[in-house]
Amino acid sequence: MSRGSARRPPPNSSASTATWPASAPPPTPFSKLTPARRKNILEGAAYLDVAPTIVRVATDAPLSEFDPVIPCEPLDPMALEELSARWGLGTSLTRLLDTLTATR
């Protein structure tokens, strides 16, 4: 038996959700939550339970006209390259561009 396994319920067991925050969906047997993320959620339970009353989202805010279509390429590739160099975006930007290109 591994160290500490007798004290802690196995992941995704009903015992591990006994103090699960009401505002967070409970983990399921197929949940991909790691024990560390589950622990983070449990430790933040007090905040998660009151957050909806503290942080309200305006659902009726007026929006100007906009095009919701996600572009397949940058509007200004040179400006994007400059931003990438300035802020060290590197592979994060490359992954984004690869994803946008793949959606064509």
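Odds and ends about this structure:
- Peptide packing: for 78-90, 49-61, the average count of neighbouring Cβ atoms within 10 Å per residue gives the ranking 78-90, 49-61, highest mean first.
- Remark on Gly44: its backbone amide H falls under 5 Å from none of the residues 5 or more positions apart or on other chains, H modelled at 1.01 Å from N.
- Difference of contour (0.36 nm per residue) and Cα-Cα distance, Lys39 to Thr53: 2.7 nm
- Glu73/Lys32 FRET efficiency (R0 25 Å; Cβ-Cβ; nearest 0.05): 0.20
Computed from the coordinates by the stated procedures, all read-outs in this text should not be read as laboratory data. Worth saying up front: this structure is predicted, and the values here are computed from it rather than measured. Every residue, glycine as well, gets a Cβ built from its backbone with ideal geometry; the counts of neighbours run over all protein chains shown.
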